[in-house]
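A.B. asks: Below is the structure I would like to discuss, written out as structure tokens.
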Amino acid sequence: MELRVRDGRAVLAGEDDSGEREVDPHSLPLGADLAEALHEWAKVADAVERTETPSDGVANALVARRGKQLAGRIAAVMNSPVSYTDPVSGELVSVEAPEPPFEPAVPRVDEPEPTPWGTGLTVSVITAAIVTVTVVSLSLGLGETSRWLALVANVLVVGGLAPSVWLGRRVPVWRWVAYGVVTGVLVAWLALILTLL
């Protein structure tokens, strides 16, 4: 397909079975605004070409640049290369169809993974056992010296663990450890209360 100017009108020339044919841009599916822009450009190009006064080349350059822009728009709409004949210089330029814009991949929204109850509860039970044995051993060892010292040590240990456990309760893997720590402390305190009786 080739973009040309004929008597102040834009035409698109192409080859078919009967030979070369020129058609009006309004007869093609280019859109009314592009067809009107082509005809306006053709009128300006015809006027610049007909002027008898010598020009400094600025008008010629503007006509050529606008023609290439319009040929690019036609190539994009028709998705095929378009040749463009500059009406002032007569130079034939080929304008390729632009590549379609890059569309970023839409991130997949996966279904959430199932909760690993078996593994998670195993981690919680092991953590609870370790914490229970540790707190009971510490409390009984210090309780032989002073019950108040054992009580203060328990409060300090639990107070030191509390911020970490609070932060870990929402992390998928560490939540099982947090559950085990809370359970271990509660079981240890229950065991210590039972030893006092």
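The values are calculated or read from the model by the stated rules, or taken from the named source; none is laboratory data. Treat the numbers as computed from the prediction; the structure is a model and nothing was measured. Because the Cβ atoms are built from the backbone with ideal geometry, glycine has one as well, and the counts that use them run over all protein chains shown. We work out accessible area using only protein heavy atoms, side chains counted, and drop any ligands, DNA or RNA first. Shrake-Rupley method; radii C 1.70, N 1.55, O 1.52, S 1.80 Å.
A.B. asks: Could you please find all residues in segment 186-197 being in a helix (DSSP H, G or I) and either within 18 Å of Arg147 (Cα to Cα) or small (Gly, Ala, Ser) (or both)?
C.D. replies: Listed by number, the residues that qualify are Ala188, Trp189, Leu190, Ala191, Leu192, Ile193, Leu194, Thr195, Leu196.
A.B. asks: Please work out which residue is farthest from Arg6 (Cα to Cα), limiting yourself to segment 65-77 and to residues that are of a type in the set (A, V, I, L, M, F, W, C) and open to solvent by less than 20 Å² (accessible area, probe 1.4 Å).
C.D. replies: My answer is Ala75.
A.B. asks: What number of residues within segment 78-115 are assigned to a loop (DSSP other than H, G, I, E, B), open to solvent by 100 Å² or more (accessible area, probe 1.4 Å), under 27 Å from Ser27 (Cα atoms) and modelled with pLDDT of 70 or more?
C.D. replies: Count: 3.
A.B. asks: Can you give me the number of residues within segment 134-153 that are over 54 Å from the mean Cα position of the chain (by Cα), closer than 20 Å to Thr183 by Cα and open to solvent by 40 Å² or more (accessible area, probe 1.4 Å)?
C.D. replies: Residues flagged as over 54 Å from the mean Cα position of the chain (by Cα), closer than 20 Å to Thr183 by Cα and open to solvent by 40 Å² or more (accessible area, probe 1.4 Å) within segment 134-153 amount to 3.
A.B. asks: Restricting the search to segment 170-197, which residues are surrounded by 14 or more Cβ atoms within 10 Å (Cβ to Cβ) and charged (D, E, K, R)?
C.D. replies: Within segment 170-197, just Arg175 meets the criteria.
A.B. asks: Would you mind telling me which numbered condition in (1) closer than 30 Å to Glu113 by Cα; (2) part of a helix (DSSP H, G or I); (3) at pLDDT below 90 Val171 fails?
C.D. replies: Looking at each condition in turn, Val171 falls short on (2).
A.B. asks: Can you tell me which of (1) part of a loop (DSSP other than H, G, I, E, B); (2) at pLDDT below 85; (3) within 37 Å of the chain's Cα centre (by Cα) is the one Gly67 doesn't meet?
C.D. replies: Tallying (1) part of a loop (DSSP other than H, G, I, E, B); (2) at pLDDT below 85; (3) within 37 Å of the chain's Cα centre (by Cα), Gly67 fails exactly one: (1).
A.B. asks: Whether any residue in segment 22-34 is of a type in the set (A, V, I, L, M), open to solvent by less than 30 Å² (accessible area, probe 1.4 Å), at pLDDT 75 or above and in contact with a Gly (Cβ under 8 Å, 6 or more places away or on another chain) is what I want to check.
C.D. replies: No: zero hits.
A.B. asks: Is it fair to say Asn60 is touching a Phe, Trp or Tyr at 6+ places or on another chain (Cβ under 9 Å) and crowded, with 17+ Cβ neighbours inside 10 Å?
C.D. replies: no
A.B. asks: Which one of Ser137, Ser164 is modelled with pLDDT of 85 or more, outside any loop (DSSP other than H, G, I, E, B), small (Gly, Ala, Ser) and farther than 21 Å from Leu194 by Cβ?
C.D. replies: It is Ser164.
A.B. asks: Looking at the structure I just gave you, is Ala59 more than 37 Å from the chain's Cα centre (by Cα), at pLDDT below 75 and not in a strand (DSSP E or B)?
C.D. replies: It is true that Ala59 is more than 37 Å from the chain's Cα centre (by Cα), at pLDDT below 75 and not in a strand (DSSP E or B).
A.B. asks: Same structure again: Hey, among Ala178, Ala191, which residue is farther than 26 Å from Trp117 by Cα, out of contact with any strand residue (DSSP E or B) (no Cβ under 8 Å at 6 or more places or on another chain) and at pLDDT 90 or above?
C.D. replies: Ala191
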